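Take a look at the structure below.
The values are calculated or read from the model by the stated rules, or taken from the named source; none is laboratory data. Just so it is clear, the structure is predicted and the values come from calculations on it, not from any experiment. Cβ sites come from the backbone with ideal geometry, for glycine too, and all protein chains shown count toward neighbours. We work out accessible area using only protein heavy atoms, side chains counted, and drop any ligands, DNA or RNA first. Shrake-Rupley method; radii C 1.70, N 1.55, O 1.52, S 1.80 Å.
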Amino acid sequence: MTGPTREATADLLTLPGTPLADAVMDLIRPVETPSVFNHSIRSYLFARLVAGRLGLAVGHDYHDDLLFAACAMHDLGVASDGPHSQRFEVEGADRAVAFLIDRGVSAADADQVWQAIALHTSPGIAERRGTLCVLVRAGVALDFGGPLGADHIDAVTAEQADAVHAAYPRLDMVRSLTDAIVAQAAKNPTNAPRYAIPGEFLRERETFGRTRLEHACRSSRWGN
């Protein structure tokens, strides 16, 4: 079997390249670990593949800049420069909205991004809150390789996955991101409510030394 053509690989890995997308990159790159940064970009690339699988057209069914912004900033709540005073999904969503409004994005569009980020850890809810929420949740889930939901696991071919991971290596993503979520959660009880992802991660780490998600990801499609 031959691999993807150079043109196909370039299309697969192309980022929006708009002033807004460039500003988002400049925001997240210095404040996220390389592992979390790569995860955020892969989530966008995978979300775009899911959109194609679902027959969704950019510019008609979703706005590519908003999809990129939501995926790229979905873990901004664990950034090193954050206030860390709310659960990480809400903190990231609030920071993303403020950033977008400052750059002229409408309140309605910014609110779509807020919902997509705040709800990306909420299966069964995100899928009912519009196309952007669906795609962000699916892109993030795909980058975990199955444990967060395998509805679209076959949206990415082996060749596409290889190209994405070559450009944006995993760098032990699951461990790195879990470390960041747990560290953020441990700073304030309000960051770690019971039965929410941050609270459960913190309690599982304290009790078992690792989370159930970390264990499940060992046998996922990507393995980490």
Pairs only if they're at least six apart or on different chains, beta carbon under 6 angstrom, first in region 74-98 and open to solvent by 10 Å² or more (accessible area, probe 1.4 Å), second among the hydrophobic types (A, V, I, L, M, F, W, C) and assigned to a helix (DSSP H, G or I); list them, first residue then second. Val78/Phe88; Val78/Ala180; Val78/Ile181; Val90/Ala118; Arg95/Leu76; Val97/Ala110; Val97/Trp114
Could you check, for region 198-213, whether at least one of its residues is within 17 Å of Leu76 (Cβ to Cβ) and surrounded by 16 or more Cβ atoms within 10 Å (Cβ to Cβ)? yes
Is one or more of the residues making up region 215-223 open to solvent by 50 Å² or more (accessible area, probe 1.4 Å) and aliphatic (A, V, I, L, M)? no
Can you tell me which residues in region 150-197 are within 21 Å of Leu45 (Cα to Cα) and hydroxyl-bearing (Ser, Thr, Tyr)? Thr157, Tyr168, Ser176
Do the conditions hold for Leu142, that is, is it assigned to a helix (DSSP H, G or I), open to solvent by less than 30 Å² (accessible area, probe 1.4 Å), more than 21 Å from Arg210 (Cβ to Cβ) and hydrophobic (A, V, I, L, M, F, W, C)? yes
Answer yes or no: is there a residue in region 168-178 that is assigned to a loop (DSSP other than H, G, I, E, B), more than 24 Å from Glu32 (Cα to Cα) and among the acidic types (Asp, Glu). no
Quick one: in region 106-139, of everything that is touching a residue at least 60 places away in the same chain (Cβ under 8 Å) and among the polar types (S, T, N, Q), which residue is least open to solvent (accessible area, probe 1.4 Å)? Thr121
Of the residues Ala150, Ala167, which single one is aliphatic (A, V, I, L, M), in contact (Cβ under 8 Å) with a residue 60 or more places away in the chain and open to solvent by 20 Å² or more (accessible area, probe 1.4 Å)? Ala167
Starting from region 208-224, take each residue that is more than 14 Å from Leu142 (Cα to Cα) and list its partners that are surrounded by fewer than 17 Cβ atoms within 10 Å (Cβ to Cβ) and not small (Gly, Ala, Ser), counting only C-beta distances under 7 angstrom and pairs at least six apart or across chains. Glu214/Arg175
